[in-house]
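Working notes, structure below.
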Amino acid sequence: MAVQRQSYDIGHTPKCLVVVDDSAECDRAIRYAGRWAARAGGGIVMLHVIETEDQNQQWLGVADLMRAEAQDEANAALDQAATLLSSIGIQAPDRVIREGDPTTQILATVEADRDIALLVLAANAGAEGPGPLVIVPGDLADADIDALS
């Protein structure tokens, strides 16, 4: 069940969720989110999703090493995004690292933070198109849309 957005309620600040990944166009999304936050007086939530697959129990030690390496890479990507945002004048964006399916984790992040009003994803400009991730919540009630806009 979707929770009511509070982004524009008194005492709340609208936030932009930007997905930070290793795509070539990711910096475009980060810059857009930063410029939006600077102009709108909003906040930024940077999300990095570590895609996981079922780990075979006999390789648990290797899986632990891979998870630690993925966490280091996620933190490095978020550090780089924070540096870009800092150059735009955005300080201390929220940082979220989640593991699992990207679509599921994006939706879970939005569900967990009622101040998220905007989701920014960069689209691949190449012939192969924007990629497989498309999120259009078709079950939003009028009140949910009103709270987001």
Among residues belonging to region 22-42 that are open to solvent by less than 40 Å² (accessible area, probe 1.4 Å) and touching a helix residue (DSSP H, G or I) at 6+ places or on another chain (Cβ under 7 Å), point out the one that is farthest from I97 (Cα to Cα).
-> G42
Please state which one of V96, V136, V120, V110 is modelled with pLDDT of 95 or more, aliphatic (A, V, I, L, M) and either open to solvent by less than 50 Å² (accessible area, probe 1.4 Å) or out of contact with any Leu (no Cβ under 9 Å at 6 or more places or on another chain) (or both).
-> V96
Quick check: is even one residue across region 64-84 modelled with pLDDT under 90, crowded, with 16+ Cβ neighbours inside 10 Å and out of contact with any Pro (no Cβ under 8 Å at 6 or more places or on another chain)?
-> no
Spot the failing condition for E128; the list is (1) modelled with pLDDT under 95; (2) open to solvent by less than 60 Å² (accessible area, probe 1.4 Å), and only one is missed.
-> (2)
Every residue from region 10-48 that is at negative phi and either without any contact (Cβ under 8 Å) to a residue 40 or more places away in the chain or β-branched (V, I, T) (or both) = I10, T13, V18, V19, V20, I30, R39, A40, I44, V45
Working carefully through the options V45, V19, find the one that is surrounded by 14 or more Cβ atoms within 10 Å (Cβ to Cβ), within 24 Å of G126 (Cα to Cα) and touching a strand residue (DSSP E or B) at 6+ places or on another chain (Cβ under 7 Å).
-> V19
Turns out the strands (runs of 3 or more DSSP E) fully within region 1-120 with at least 3 residues that are of a type outside the set (D, E, K, R) are 15-19, 43-50, 116-120
Tell me, please, whether a residue that is over 13 Å from the mean Cα position of the chain (by Cα) and aliphatic (A, V, I, L, M) can be found in region 7-18.
-> yes
Is it the case that region 97-117 has a residue that's more than 22 Å from I10 (Cα to Cα), in contact (Cβ under 8 Å) with a residue 60 or more places away in the chain and either in contact with a helix residue (DSSP H, G or I) (Cβ under 8 Å, 6 or more places away or on another chain) or aliphatic (A, V, I, L, M) (or both)?
-> yes
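The values are calculated or read from the model by the stated rules, or taken from the named source; none is laboratory data. Quantities reported herein were computed from a predicted structural model and do not represent experimental measurements. In this analysis, Cβ positions are derived from the backbone assuming ideal geometry, glycine residues included, and neighbour counts consider all displayed protein chains. These area figures cover heavy atoms from the full protein model, side chains too; ligands, DNA and RNA do not enter into them. Shrake-Rupley method; radii C 1.70, N 1.55, O 1.52, S 1.80 Å.
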